[in-house]
1. Name the residue farthest towards the positive end of the dipole of region 2-110 from the options Asn55, Leu39, Ala90, assuming +1 on Cβ of Lys and Arg, -1 on Cβ of Asp and Glu, about the Cα centre.
2. With labels modelled as points extended 7 Å from the Cα through the Cβ direction, what inter-label distance (nm, one decimal) is found for Glu246 paired with Ser71?
3. Say R0 is 30 Å: what FRET efficiency, to the nearest 0.05, do Ala131 and Ala235 get from their beta-carbon distance?
4. Helix-only estimate, please: 222 nm mean residue ellipticity of the chain, summing -39500 (n - 2.57) across DSSP H runs of length 4 or more and dividing by its residues, to the nearest 500.
5. Largest first, what is the accessible-area ranking of Tyr307, Tyr38, Tyr263 with a 1.4 Å probe?
6. Over region 189-322, what is the relative contact order in whole percent, taking alpha-carbon pairs under 8 Å and six or more residues apart?
7. Helix 14-23: angle to the longest alpha-carbon principal axis of the chain, degrees 0 to 90, nearest 10?
8. Report in % the part of the accessible area of region 189-322 that belongs to carbon and sulfur, leaving out ligands and nucleic acids; probe 1.4 Å.
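The values are calculated or read from the model by the stated rules, or taken from the named source; none is laboratory data. Every value quoted in this text rests on a predicted model; they were computed, and no experiment measured them. Every residue, glycine among them, receives a Cβ derived from its backbone with ideal geometry; neighbour counts consider all protein chains shown. Ligands, DNA and RNA are excluded from the accessible area calculation, which covers all protein heavy atoms including side chains. Shrake-Rupley method; radii C 1.70, N 1.55, O 1.52, S 1.80 Å.
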Amino acid sequence: MNIIFIEPAFPANQREFVRGLAAAGATVIGIGERPVDYLDQELRDWMLHYQQIGNVTDVGTLVEAVRFAQSRVWIDALESTIEAHTMAAAQAREACGIPGTSVRTAYLCRDKPSMKEVLRDAGIPTALSTAASSAAEVRAFAAANGVELVDQKYFYTEERWQALQKMKEAEKSGGAGGKKFIVTDQDRHGTVGAVALDKNGNLAAATSTGGTTNKKAGRVGDSPIIGGGTYANNATCAVSATGDGEYFIRSVVAHDVSALMEYRGMKLQEAAQMVLDKVAKLGGTGGLIAIDHDGNIALPFNTSGMYRGHVGVDGEFVVEIYR
Ligand code: ASP
């Protein structure tokens, strides 16, 4: 069986598909954007031929390369595993008469709105969705579809309201911790994060936040920024951070913890503390929760407290707030 495989050398894990195909007895022909020198000997040995082209998502160029291969050998299949390449691969298959996933199916599998459309047409209830570029558009869409809309007051909580008033007062008097009122860390932050290691050695991190109290409209903190407030890497650790997002972004906190482990061979605890100390030096407060690939945990913070809890294989739950 002769198979064209798109982008065998990038990202690095793609070689595994080539290795597997070759091991199963297939003859693999690679088409990719990397120069042939980029490919190591082992990868080259798994393939009959490799052809470099300018852009694997440019259907015209891809088809030309596939046709060239077809002029030499019979091609049974053309495959790609990278999401960005699946459409181009399907189009090339169709243009070159190679059996496999059709353009229509590739499109449906890749694109959620169109997948939903087909499900709806088949009478399967599917969550509504729309593309919106403003809050007003989202509200109009919800209203048009009979979703109950609630007033801002619905989200009111006395505690958060008082925290906001304190922050506004502090801002007016030119400092975050004015004399007349004490702004606590709890008043300023409210992020929820989780890190986990599963039995197969996979690490994961998740962070959700309402941002900092009294933030500017449209501000984006560190929580959704991979590497800033959230990061996981099976080779090192998983990290979720809370604190003054601006400082955590500048220090690329979550990734920095992982990088210190990866490049300096540091232990999690030491790496986490070192990164948090860097944040403190810049003037940022906060903390982080982290777990490494061996299940060691680190929960450092430079604030008065940080709500935190952990559970290990022994099943014992530990919950703490202050030091
Ligand atoms: N880190 C979050 C942010 O800056 C806030 C928080 O942790 O409470 O948006």
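1. Among Asn55, Leu39, Ala90, the one farthest towards the positive end of the dipole of region 2-110 is Ala90.
2. Going by the 7 Å Cα→Cβ label model, 6.1 nm.
3. On the way: r = 37 Å, r/R0 = 1.22.
Computed FRET efficiency for Ala131 and Ala235 comes out at 0.25.
4. Per the formula, -11500 deg cm²/dmol.
5. Numbers: Tyr307 145, Tyr38 120, Tyr263 170 Å².
From most accessible down to least: Tyr263, Tyr307, Tyr38.
6. Details: 292 pairs, mean separation 27.1, N = 134.
Contact order relative to length: 20 percent.
7. It works out to around 40 degrees.
8. 55 percent
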